[in-house]
Structure formats: C-alpha cells, structure tokens
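**Q** Take this structure first; my questions come after.
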Amino acid sequence: MSQTVIHLIMVFGVLGVMMSIAAGLIWVERRLLGLWQDRYGPNRVGPLGMLQPLADVIKILAKEDWVPPFADRPVFTLAPAIVVITVLLVFAVMPFAPGIVVADLNIGVLYFLAMSSLGVYSVALGGWASGNKYSLIGALRASAQMISYEVFMGLSIMGVVMMSGSFDLRRIVEAQRGLWYIVPQFIGFAVFLVAGVAETHRLPFDLPEAESELVAGFHSEYSGMKFGLFFVGEYLGITLISMLITTLFLGGWYGPVLPPVVWFFIKTFFFIGFFILLRAALPRPRYDQLIRIGWKLMLPLSLLNIVVTGGIMLAAR
Amino acid sequence: MVTVYIDGKSYQVDGQQNMLDACLSLGMDLPYFCWHPAMHSVGACRQCAVKQFKDENDKKGKIVMACMTPAAEGTRISIKDPEAVEFRGRVIEWLMLNHPHDCPVCDEGGECHLQDMTVMTGHVYRRTRFKKRTHKNQYLGPFVNHEMNRCIQCYRCVRFYNDYAGGRDFGVFAAHDSVYFGRHEDGVLESEFSGNLVEVCPTGVFTDRVFKKQYTRKWDLQTAPSICVHCSLGCNIIPGERYGALRRIRNRYNGEVNGYFICDRGRYGFEFVNSPMRIREPYLLSGEGTDTRKTLKEGEVLSALKAVIEGAKGIIGIGSPRASLEANYLLQKLVGPENFYSGASKTESGVVGQMLSVLSDGPVRTPSLREAANADAVFVLGEDVPNTAPMLGLALRQAVRHRPVERVTSELKIPRWNDYAIREAIQEEKGPLFIASVTGGRLDSIASGVFHAAPDDIARLGFRVAQALSPNAPVAGGHFEADALSFAERAAKALREAKRPLVVSGAGTRSSAVLQAAANIAWALWEDNRNAALSLVAPECNSLGLALIGGHDISGAVRAVEEGRADTVIILENDPFDRLDMPGAESLLRARQVIVLDYLPTHSIDRLQAAAAAGARVVLPAAPFAEGSGTLVSSEGRAQRFYKVFSGPGERSAESWRWLRDLLLELGRPGSEALFSLDEVLSAMGREFPALGGAVKAGPPSDYRIKGMKIPRQPHRYSGRTAIRAALDVHEPKPPEDADSPLSFSMEGYEGQPPAPLTARFWAPGWNSVQSVNKFQGHVGGHMKGGDSGIRLIEPAKAKETHYFTDIPGPFVPRDDEFFVVPLHHVFGSERLSAMSSGIAELMPSPYIALNDSDAELRSLTDGGEARVELGSFASFRLPIRLDAFMPRGVAGFPFGLPGLHGAVLPAWGKITAVKQT
Amino acid sequence: MKGKKLLGMFSILKTLWVVFLHLFKRKVTVLYPEEKPYIPPRWRGRIILSRDPDGAERCVACYLCAAACPVDCISLQATEDEYGRRYPEFFRINFSRCIFCGYCEEACPTYAIQLTTDFEMSEYNRQNLVYEKEDLLISGTGKYHGYNFYKVAGLSIKGKEKGEGENELPPVDVKGLMP
C-alpha cells in the first residue's frame, strides 16, 4: 500500500471516528446528565436509547433550514462551519497511538493554539450575523472570554513544552514515558483544564449561550443543521480538550497491558465524563466573575508555573 | 367658571351643570342610573349619592344626590366618604333584590351599566332570603326584545321614549315594587327611535331583537367607525362583525351630529350586507340567459375590463349618490367629466344642485343636528322630516321645547338639568314649529301651525313668509286663501322673534320651488338675524358630495346611448330603473357593453341577464359600507369617513373605488399610479375639486399612528382567534392588513382613546357599557375629546346682500282628469337598502295610492279599493287606495321607493282610475 | 477572607463528588406508557361539555369561557330554540392551542364546561385536535351533579314559565289594583 492510501485511510478514519464520537456524545451526555439527576435520560430509541443520536440527526436534517430575513445570510451560513472545521483540523496533529497520527507536526501545540483561536470567529460571526441583540451579546461575551482564557491556556502548556523541549505532541507524549506531566505540572494541568472548559464554552463557563439570560445567546436564531453544526462543534471541542489533556498531562497512549490506542481513549473518555459531570453539578458564574478568575487568578498562576518550572529546570541543569 | 371641592381637592367647572355631571366630566367614577346626559336629572334612582359639606369646617355633612346638587361656587362634596360609599352599596343591593340570575343568557351582559355599577359599588352577595318578583314580557315588534324581570325601575325608557322622542304608545304601569314598563298591550312600538331603548336601558330589559338571533358579546365584535348610509344626515355608527357577518349597528357619539341616538332605519337597516343575494364574485355575461354567466377568476377580471374599455367607441359613467366620494371621483376620472353622469334623475339632480347652490352661494349657514336641536323657532317647508331624516325630526322635537325651557329657567330659576321640575313647569307648552307639507306627518301633533298643500302652493306660502319677513324679498302675487295668509303671518312673526330661527326643507317633494322658497325665508331672516339657519335634507347619503363632483343628470346618459355617442356604460352602485322611466332605463341598458359595480343584484342586472347583447357585460362585486372605506358628505355638508369593518366571505368584493383604481392602473392612464391609496385618491380629488379639498381631513391619514401603533378593530378581549377558522384549517393565517387606514384587523395596537374619527368602540376600564362614552367626551354630553369627527365642506358665502329667488310659481290648479302624483316618504321602506332588512320589511307599508276623500268620492274611488295609476304612458301600477284627509285636492301620494315600484319618476301628472272587480 | 475563597474551591470538588454519587441513586422517573401515573380527580385534562340533570345541554353560550381563554382557542355561536332557551349553535375548541389552564371551567356560570382526567389525546394530524360540539358533549353531568341553571335564572324556557323558577314569585298582575 502506498503512503498516500495510508494517509487517506488515516484522514478519513480520524474524521469518521471523531464525528461518531461527537454524535455519540449527544447520547452519552444526555444519559449521564439523566443519571446524575436521578432520571434515566433517553432510553427509548434503540437499546438503552443508543440510537437517540440517529433520531436527533434525522430530526435536525428534516427541519426547515431557516435563515431569518434580518440576518447577514452568507456570514450566518458560514459561521457554524468554522467551528467544526477548526476543531477537526486540530485532530490532524493528535497522536492517538504510536503511528496513528495524520500529520506529525513539529509545532503541534502552536497549531492547536492557532486553530482554537480561529474557532472564536465562528461564535463571534454567528452572533453578529444573526442580527439579534441577544446573539450579539453572546458573541461579544464569547470573544472576550476566548481572548481572556486563551492567554493563559497557552501559558499553562508552556511548562509542559519546557519540560519536554518540544512543540511536537508526539514528542511530548514520548517525554512522559516515565512520569506523566500531571505530577510535575499539576498547576499547569489545573489551569489548562479550566481554560479548556472556558475555551469550549461548556458549563459552567457557557456564558455566550446562557439560555436563562440570553435565550441561547449566539445561536438564538439558528435551527436545523446549522444549529446542529454548533452542537457538533461543541462536542468535538470537548473531545479535543479531553484528548489534549490526555496527551499533554496524562502520558497519551502510555499504559500497562492494554493496547496504546485503548489507553488513549480510556483517558480521553474519563475527561469527557468529567466535563459532563461539571455540567451536571456546577452553577454558572457571573460574567464579571468569569473574567476576574481568568485575569486575576489563572493568569498569575500560569505565569508562576512557568517561572517555577523554569527556575527548577535551570537549577537542575 | 366656579370652584367646587371634591374629596378635598378643588376643581374648576362651568357652574351650569350638576355635581354628577361635573364629577363625570372631570373623569371621576360615580355610579348612576336615572341620569342621562341627553335627558338630564330626575333624582329617581338614588345611586349617585355623595356627601355634601357646608364648608371646610363641616365634618358631618349630609348625603345628597349628586345629580340634583348644582355645581355652585364653593360646593363641597365627597365621593369617597365611607357613609356615601355604603349608601350607594345599599342602593345597588336593593336594586338587585329582584334582579334575576340571568347575566349568562342576557344580551346586555358584558356591556351592562348595571353590571358595571354593581362592580363599582362592590356589591357581591344577595343577602335577602325572599323570593324574586317576576313579570311577564311583551312582544314589542321586530326590533326590541322585552325581558321585564331585569328592570331596576330607573325610568330612563319612558323618559326617552315619551319625553325625549315623543312616543305615545309606551308607558309605566302598576305601582311600588311591581312597576312595569311597556305598552298597554303587546304590539309593535310605533316610534322610529325605539331601538335606542336598547342603549338607553341600563340593563337588559330592552335588548336588540335582531342581534339576539345571532347573539355575540360586545368584546367579540370587530368594529370600525362608520357612517350611516340610510339617509342624508350622516349619523355616526359603529357596525360590529363576527364570523364574517355584520351583526349589529350601534350609535357612535358625535357631539355635532347624532349625539346619543340613531333611528331604527339606521340601527336595523344593515341586513342587506349579509344578504344571500349579494354579488360575491365578478362575472361576465355574454349572450342570453343566466346560464351564460361566467365567473371571472382572479387574473381575468382586469383583462376583461381592459378589453371592454379598449373596445369601446364611447364610454359614459353613471355615478351614484349612495356611493362614496372616492368611487364617484375615480369613475369621473376614468370616463372624463363630460361623460360622467351623476346617476340621479333629472328632477332629483336639479333639486340637489339647487340645494348646493343655496347653501354655498347664499349667506345662511346649514346647522348641524346639535344646532338644529337648539333652534328656538322652526319652519318646515315641504319636507316630511320624520320620514326622510328621522334624526332631524328628533332634533326638532327638542327644538320645540327650547322656548318654554328658556322661559322656565329664567323666570323660575330652575336649572336646565332639573328635568322633572322643568317638565312640570312647562307642561304641554311648545315653542314655535310651523309645518307646511303635502300631507299629515308625525311632527304635526307638536306643531304650532300646520298647512297642507300641493308643492307649488307650499312654495308660494314660503315666498309669502319671506315677503312678510323682509321688504327686500320678492312679492308673492296671486291669490292666497285666508288660512294660508294667517299661517304665513304667524310663522313669520314666530321666526322674526326667535333668536335662533331655523328653516327646514329638502328634496322630499322633489320641487326646486320649495327649496327656493325656503332659501328666501332663511335669507330674509338673515338680514336681521345672523343666527338664522337653513337645513336642507338631501335625498341620499352622498347626494351633496356627488353634487360637488358634478356630472350631468341621468337622462343625458340615455340620450348619449340612443344617439350612439356611447356604446359602453359603467354603472356605479346604481339602478337606472330607480332613476328613469322604463323605456329610458331599457335603452340605457341596450348599450353594447355594460360594466356594473354593485353589491346587490339590481333590476338592471336582472335585465342584463335576461337580454341578449353583442358586447360584454361585466358585473363587479362592490363592497357595501361595512366592507369598505370611503367618504360621504352629509346634508349638513359634513364630509365623514367610514372605515372597513371586515372583509366579506370570499374576499373578492372590493370598494368600487378600488375596482376603478385597479382598472385605471391596468389601462396605464397617466397619473394613475399616484392614485393608489385612499389618501392619494382623496388628495387628488381635493386638487381637482377645491370644494372637496377638506374631505381628505375627514380622518387621519393612513400612516397615522399613536405611539407607533395602529388602532385595533378588535377589542382587547376578542376571543376565539385560534379557533374561529380551525374547522377549515388548523393553521392560522396572518390577519389581513389595512394599508388605507390607521386601523388594524387585529386586537394588537393602541389601547387608549384614539381621535374621534377613529373611535371604533366605546370602552373604558370599569365602564363596559355604552355609558363609557362619558370618558371619550371633553365634557359629558358635549363634544368628543379632540373634536367631533367630520369636516364641514360647505360654508355660506360672505355676501353683503342676498339675491332672492324671484321665480314664484303660480297657484296649484287641480286637473279634472289627472292627479299630481307626489312622492310620500316612509322611514321604513323608502330607502332601498334598509328595506331589505327583515324587521324593516315587516314594518314598511304595503304599496298604496293616497288620495283626498273628496277627490276619491268624485271619481268613485273607495278606501281599500284597487286603482290603476298611470304615470305617463310607460308606468302603470295597480295599487290599493288609501284615503288621506290631509292630502290636498288634486294631489295623490305615491309611496316613494318601496320595493317593487320601479319606474315611477315623481312628481308627475298621472291618471288614477278604479279597477273593476271581476 | 482569601482563605475562605480557597476553601470554597473544595466545596466545588465536594459538589462534583456528591453529584457523581447520584449515579447510584434510585431513579424517580415514572416510565409512563408501561407504568400508569396517578391522576387526581381535579386534573385538568381534556375539556368536555356536560348536560344538566334533565339531560339538556348545560351550555347557554354565554361566551365567558371564550373570553377567559388566554390562548383564544374556544369559539362558539349562540342560538336559541323556539322557547328562548339559549344554546351553542357550534362550539369549537382547538386543542392544538389549548394550554389546559382551566380558566374556562372557572368562568363557566353553568358548570357546562369541565376539564377531565383524560390527557392521552395525542394526534399525528393537528387538524384532528379541533373538537366540535359533538366531540365535546357528554351525556352526563360530569363533576357537578344537580345544578340546573335555568331553574335559577329568570328567563322562561320550555316547561318553565315566568315565576316557576326556584325562589320566584308568580308574575305580577300589572292591571291588578291590590297593593
């Protein structure tokens, strides 16, 4: 088999797996939320309700593709696609297991940061193009939130980069063969986790949507498959952040007995579950609290982390 | 202005009214029953009790009735005083002792003054354990339903029916807690104002019998401000619609025009709108017989019309005095002024033209109905006012009380509002009202002098009166009977002594001479008294408006067709068979192509259907008044807007002006695109006819908004929106939009009080009944806030001297072989549209020919016998004879406009012969 | 103060733990079609029109239910029989709009309109949710027995002349002279 064919299989394999995970998460999230709220969750469609995503997809595709007359039509249509595309592109550099990676990029971390910064355009443009004041407020919140949290998201990984000496995700995983970075870089891990939640604007940091005050915020006016894309983007985002945490702090595919790729997914799903638990358990902070946590707590913490890591490394040299 | 104190606050009031009036005018809520702004106070119901204090140190006070307390300087009352509040609550409680548990099945429910007042006083529970007294009901005719159990003995009904409207077949019977209001036996109420009992009665004793058949609550009616089309006075009305049918007409208060009341013709004459015979879709007649009738689909109509217009060698348009200004104007625009015919008969259009020139070229002003009711001497010349303009008749009934009331108020110092005291003081005394008419009328019983004569003699009498009033007036020569001379002297004296003399005449006799005589009298009066007024009754609701547009009379149209100058006729809401003799109408309809715009099949349309023709005949469904918007000019010269209340079933009918506009646009006439909206049509008309320039101001423009909102046609409690159409389709359509007016077809919009021309209903918080009109008036019983609706278009010329009419006819000379047949008008029957209503059809007279007894005897005609009436060589009728002692010799009375009597163009000489019974 | 805030962080972790433990709690969900829930008698379900004890329609077409309806889903037209008894000519409820608030029942002066315990009225076609009088009218008195509006109203109907109602005196003889 030629290299190209393997690459193609890899590309479409990753794409297929990611999309399936995103779809499956619809069911997983609803089911888990149900269980944590003493309910059953969707349990009617198929065994244990597992075909619920299928039903949802059929419903969402059959819906009227409505664009409000006051919306900026091209931007309105483009916005949901951006979120999915940018997130999907990051998976290209994700090392699932030794050899299972689409593109082994030597600046994978920077690439991830760049792509996640682009993701904010989706929300900002979607909210603006809706021509609705709630959507616009949601979009503005998203922008401010993303900018704030991106700063220390990048900084929080710097400890890992410094320790591994590389921006290449594969090299970072390989550098954790002995000790997972969660131990020396615990502060970095904690900061990245929080930033990851904010970056995907998941609860409790879902202020851009905040349905109780902004009536779904930036996607108020969206319906049908456009809305579906935002949804898929969100689930892809959760998966991405979970995978990155796995890669950066939990030693990626390393683990005993089981094959590497299984370990990778076990760790990933643990964090996905954790994300859902956050949604089930925590209330949403106020907007000013969110920004304050970012700038006044998380940024100093991540800077401190870099200084300390750097100091220790210098001292150790 | 005086200062009164109500609940410790000072207010400025004009001092002429009572405290109830003052409180209500100041916008306060005070319950009442027997008091009515038009009928004043009697202090019977004890409901408006308040506490009065001597001065600011008086803490004890005494309970008085606000309606019997003058608003004098320094009057101190308290509405909120706990004792007064309790007193009012107790009064309601005992009024409710015998009131039945009927509200759910009572037609007054939801617009009941008693309900409102009960809620206002807070009475909620019937404590008495005794049984309720009951009454048997009476049949009172087709208009009013009687449910006597509900009566609270406020006496408003008798005070309106007998004292105000002059009825004589209604009264109060029995005593103490079993008083009974009704007739002495079952029977139809005689007064043409009986329908007002429905609005006057504060509870459900008198309810609308026509409405009862398809009863709907007030809050469910879609309403819009409208104008009555059944006579020329232009009374303001509120038609109400539900489920695509016009359900009822209610009075719309207009301080200058109809005030609180309308006549039964106006109230019950609306049923033609719901007629199953209505033309609902446009159709084309080609060839012969009804089976060739081809319904035109949405896209075909205009092209068919265009084909007709473009295929025409000459087009003439026949307008209509019952169509709106807009429709007549656009028809005139379509065919050109030289081809536009007013659609009135030669006599009628001559008379109306005379009327217009008298009013606009002469120096005397035409009064509004309010001003007419304030006249203190009235001379009625030739017009049978109660039948041709009933509300003017009601105004004259008030005018005759003026002089005695003024005497009593000044001599005995009884305030004007103390109605009972004034009535006791004046008894049967009447002010001057002189009537010269063809035959007896309903006002004769209150007149100071009555004179019956042929139209020419009436005119001569009028000229004689003018001669007596002014030396400048022409001298009426020739012979006068002694009684005529003394009548003229007495009338002239009364008019001369009056402060506000009023001369009333009109088109009833279709005699220009009578009008000229009336004008001479008014002008002669004007020389000494600038308050003199002249009221002329026009034949139809827009006769004067049409006269302002102009147009030849309809006989010219016949000639145009006969001479081949025109082969295409457009008939606008008119029936040539009502205006022309049979041969004339027939030859008009023999035009190659005919377009008819109408809402009901007329004799002409039947004829078109029956006869063959080479060209196309198109019938377009026009919208009657309730289904369209437009402007009418009343006989006062007041332009008033009526607004579309609802879209009729099928929604293919449209106002005539809209059809004509679409046709103009289709033809691509230059400038026609600037005639799109109602506002544009009106302003274009104003530019072309400066005299009609004011018509555009009859209502606010279509982009008028209050706080950015339209004014809703549906009340805020309108029910069933999501269920009305659900049986047809569960998906709800968008409500229709109205681009031509500031009103909307929904319940959303401005909830407060719109300006008077847009007031679609009377409702105020806590005031669900028609009494809520108090809250819409600047001063109770006065004018609407922001001014009454309507714009006067005709004002007198600022002349220094008057040019009297000098063309005095000679005395009427009876002929041996012929009678002079004059039209006799009937309030029920003489108007074509209202005659289609079931109740009015029931009460209208059957056809007859009225003759003087001695004339009949001479020709051996007997009362009730059959006679053949031949008018000219074309019109022949077989009619029963009715002997009428008041008819002048040599004159016969022919009922005007009764259904089935086509082709009689009156007045005319005619032969009357007995039909031998075989 | 700062310390307290830091401790607050642990309360967040505790919350997460407590919520996580709910995974093992009993579920409160009633699995409806298999398991029927308890419906209290005053449940506000499908609307019916009842009859009075004599078997005649109770509804007198007073329009109060329609006026009270916040979603305007009731429409009707009043008519009368030859004796003056009023009843609805048609009575329509658009259940696709109805919110089962029960205001119509509260507004009804004759106990005619009543809400029942039936809530299983789903349809695939919205049009089938439009109920006409024949769909609404039941043959009994519903929840309220014994009440007969026309017995206490002043109106005369067939079989009840003036003065024959409950708590009514015989009609006044207007021409009588007795005090």
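**Q** Can you pull out the residues in region B:212-244 that are under 14 Å from residue B:273 (Cα atoms), over 18 Å from the mean Cα position of the chain (by Cα) and touching a residue at least 60 places away in the same chain (Cβ under 8 Å)?
**A** Selection gives B:241, B:243, B:244.
**Q** Quick check on region B:756-772: of everything there that is in a loop (DSSP other than H, G, I, E, B) and buried (at least 19 other Cβ atoms within 10 Å of the Cβ), which residue is nearest to the other protein chains (Cβ to nearest Cβ)?
**A** By that ranking, first place goes to B:768.
**Q** Report the residue count in region C:108-127 for those that are open to solvent by 20 Å² or more (accessible area, probe 1.4 Å) and either within 8 Å of chain B (Cβ to nearest Cβ) or touching a residue at least 40 places away in the same chain (Cβ under 8 Å) (or both).
**A** Of the residues in region C:108-127, 10 are open to solvent by 20 Å² or more (accessible area, probe 1.4 Å) and either within 8 Å of chain B (Cβ to nearest Cβ) or touching a residue at least 40 places away in the same chain (Cβ under 8 Å) (or both).
**Q** What helices (runs of 4 or more DSSP H) lie completely within region B:360-449 and have 2 or more residues being under 24 Å from residue B:529 (Cα atoms) and in the same structural domain as residue B:503 (by TED's automatic domain parsing)?
**A** B:369-373, B:390-399, B:402-411
**Q** A further question follows. For region A:15-43, name all the residues that are in contact with a Leu (Cβ under 9 Å, 6 or more places away or on another chain), open to solvent by 30 Å² or more (accessible area, probe 1.4 Å), within 14 Å of chain C (Cβ to nearest Cβ) and not aromatic (Phe, Trp, Tyr).
**A** Across region A:15-43, the qualifying residues are A:31, A:32, A:35, A:39, A:43.
**Q** Just checking, how many residues over region B:827-845 are crowded, with 22+ Cβ neighbours inside 10 Å, assigned to a loop (DSSP other than H, G, I, E, B) and either in the same structural domain as residue B:515 (by TED's automatic domain parsing) or out of contact with any Phe, Trp or Tyr (no Cβ under 6 Å at 6 or more places or on another chain) (or both)?
**A** Counting residues in region B:827-845 that are crowded, with 22+ Cβ neighbours inside 10 Å, assigned to a loop (DSSP other than H, G, I, E, B) and either in the same structural domain as residue B:515 (by TED's automatic domain parsing) or out of contact with any Phe, Trp or Tyr (no Cβ under 6 Å at 6 or more places or on another chain) (or both) gives 4.
**Q** Restricting to region C:71-107, what's the tally of residues that are in contact with a helix residue (DSSP H, G or I) (Cβ under 8 Å, 6 or more places away or on another chain), open to solvent by 40 Å² or more (accessible area, probe 1.4 Å) and under 22 Å from residue C:143 (Cβ atoms)?
**A** The number of residues fulfilling the criteria is 2.
**Q** Sort through B:877, B:886 and tell me the only one that's closer than 15 Å to residue B:438 by Cβ and either assigned to a strand (DSSP E or B) or open to solvent by 50 Å² or more (accessible area, probe 1.4 Å) (or both).
**A** Answer to the selection: B:886.
**Q** Now, a different point. Got at least one residue in region B:615-628 being free of Cβ contacts under 8 Å to residues at least 60 places away in the same chain, in a loop (DSSP other than H, G, I, E, B) and small (Gly, Ala, Ser)?
**A** Within region B:615-628, one or more residues are free of Cβ contacts under 8 Å to residues at least 60 places away in the same chain, in a loop (DSSP other than H, G, I, E, B) and small (Gly, Ala, Ser).
**Q** Open to solvent by less than 30 Å² (accessible area, probe 1.4 Å) and not in a loop (DSSP other than H, G, I, E, B) - does that describe any residue in region B:336-345?
**A** Yes, because at least one residue in region B:336-345 is open to solvent by less than 30 Å² (accessible area, probe 1.4 Å) and not in a loop (DSSP other than H, G, I, E, B).
**Q** For region B:279-302, indicate whether the set of residues that are within 14 Å of chain C (Cβ to nearest Cβ), out of contact with any Cys (no Cβ under 7 Å at 6 or more places or on another chain) and open to solvent by 10 Å² or more (accessible area, probe 1.4 Å) is non-empty.
**A** no
Per-residue answers, yes or no, for (1) touching a His at 6+ places or on another chain (Cβ under 8 Å); (2) away from chain B (no Cβ under 13 Å); (3) not in a loop (DSSP other than H, G, I, E, B):
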| position | (1), (2), (3) |
| --- | --- |
| C:32 | no, yes, no |
| C:36 | no, yes, no |
| C:44 | no, yes, no |
| C:55 | no, yes, no |
| C:60 | no, no, no |
| C:65 | no, no, yes |
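**Q** Another question, then. Checking residue A:131 against (1) touching a residue at least 40 places away in the same chain (Cβ under 8 Å); (2) open to solvent by less than 30 Å² (accessible area, probe 1.4 Å); (3) farther than 18 Å from residue A:233 by Cα; (4) among the small types (Gly, Ala, Ser), which single condition isn't satisfied?
**A** (2)
**Q** Report whether or not residue B:55 is in contact (Cβ under 8 Å) with a residue 60 or more places away in the chain and acidic (Asp, Glu).
**A** no
**Q** I'd like the residue in region B:109-135 that is of a type in the set (S, T, N, Q) and within 14 Å of chain C (Cβ to nearest Cβ) and, out of all such residues, is nearest to residue B:207 (Cα to Cα).
**A** My answer is B:115.
**Q** Pick out the one residue from B:781, B:786 that is open to solvent by 40 Å² or more (accessible area, probe 1.4 Å) and either of a type in the set (Gly, Ala, Ser) or not in a loop (DSSP other than H, G, I, E, B) (or both).
**A** That would be B:786, the only listed residue that is open to solvent by 40 Å² or more (accessible area, probe 1.4 Å) and either of a type in the set (Gly, Ala, Ser) or not in a loop (DSSP other than H, G, I, E, B) (or both).
**Q** Look at region A:277-317 and say how many of its residues are open to solvent by 70 Å² or more (accessible area, probe 1.4 Å), part of a helix (DSSP H, G or I) and within 14 Å of another protein chain (Cβ to nearest Cβ).
**A** Total satisfying the criteria: 4.
**Q** Now a separate question. Working carefully through the options B:905, B:813, B:821, find the one that is in a loop (DSSP other than H, G, I, E, B), among the β-branched types (Val, Ile, Thr) and modelled with pLDDT of 90 or more.
**A** Every option except B:813 fails the conditions.
**Q** Considering only residues that are assigned to a helix (DSSP H, G or I) and out of contact with any Cys (no Cβ under 9 Å at 6 or more places or on another chain), which ones fall in region B:60-113?
**A** B:82, B:83, B:84, B:85, B:86, B:87, B:89, B:90, B:92, B:93, B:94
**Q** Only one of B:268, B:260, B:329 is on the phi < 0 side of the Ramachandran plot, open to solvent by 10 Å² or more (accessible area, probe 1.4 Å), aromatic (Phe, Trp, Tyr) and within 28 Å of the chain's Cα centre (by Cα); which?
**A** Exactly one of B:268, B:260, B:329 is on the phi < 0 side of the Ramachandran plot, open to solvent by 10 Å² or more (accessible area, probe 1.4 Å), aromatic (Phe, Trp, Tyr) and within 28 Å of the chain's Cα centre (by Cα), namely B:260.
**Q** Restricted to region B:226-243, and to residues that are in a strand (DSSP E or B) and away from chain C (no Cβ under 14 Å), which residue is nearest to residue B:321 (Cα to Cα)?
**A** B:227
**Q** In this structure, does residue B:660 turn out to be assigned to a strand (DSSP E or B) and open to solvent by less than 30 Å² (accessible area, probe 1.4 Å)?
**A** Criteria not met by residue B:660.
**Q** Please work out if residue B:719 is at negative phi, within 14 Å of another protein chain (Cβ to nearest Cβ), in contact with a helix residue (DSSP H, G or I) (Cβ under 8 Å, 6 or more places away or on another chain) and touching a residue at least 40 places away in the same chain (Cβ under 8 Å).
**A** Against the criterion (at negative phi, within 14 Å of another protein chain (Cβ to nearest Cβ), in contact with a helix residue (DSSP H, G or I) (Cβ under 8 Å, 6 or more places away or on another chain) and touching a residue at least 40 places away in the same chain (Cβ under 8 Å)), residue B:719 qualifies.
A quick yes/no check of all residues on (1) among the acidic types (Asp, Glu); (2) surrounded by 15 or more Cβ atoms within 10 Å (Cβ to Cβ); (3) within 12 Å of another protein chain (Cβ to nearest Cβ):
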residue: C:129; (1), (2), (3): no, yes, yes
residue: C:132; (1), (2), (3): yes, no, yes
residue: C:154; (1), (2), (3): no, yes, yes
residue: C:158; (1), (2), (3): no, no, no
residue: C:167; (1), (2), (3): no, no, yes
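**Q** Only one of these is within 14 Å of another protein chain (Cβ to nearest Cβ) and either polar (S, T, N, Q) or open to solvent by 10 Å² or more (accessible area, probe 1.4 Å) (or both): A:274, A:231. Name it.
**A** It is A:274.
**Q** Now for a different question. I need the strands (runs of 3 or more DSSP E) fully contained in region B:163-225, keeping only those with at least 2 residues that are open to solvent by 10 Å² or more (accessible area, probe 1.4 Å) and within 11 Å of another protein chain (Cβ to nearest Cβ).
**A** B:171-173
The values are calculated or read from the model by the stated rules, or taken from the named source; none is laboratory data. None of the values given here were measured: they were computed from a predicted structure. When we count neighbours, we look across all protein chains shown, and the Cβ atoms used for this are built from the backbone with ideal geometry, even at glycine. Note: areas computed on protein heavy atoms with side chains; ligands, DNA, RNA excluded. Shrake-Rupley method; radii C 1.70, N 1.55, O 1.52, S 1.80 Å.
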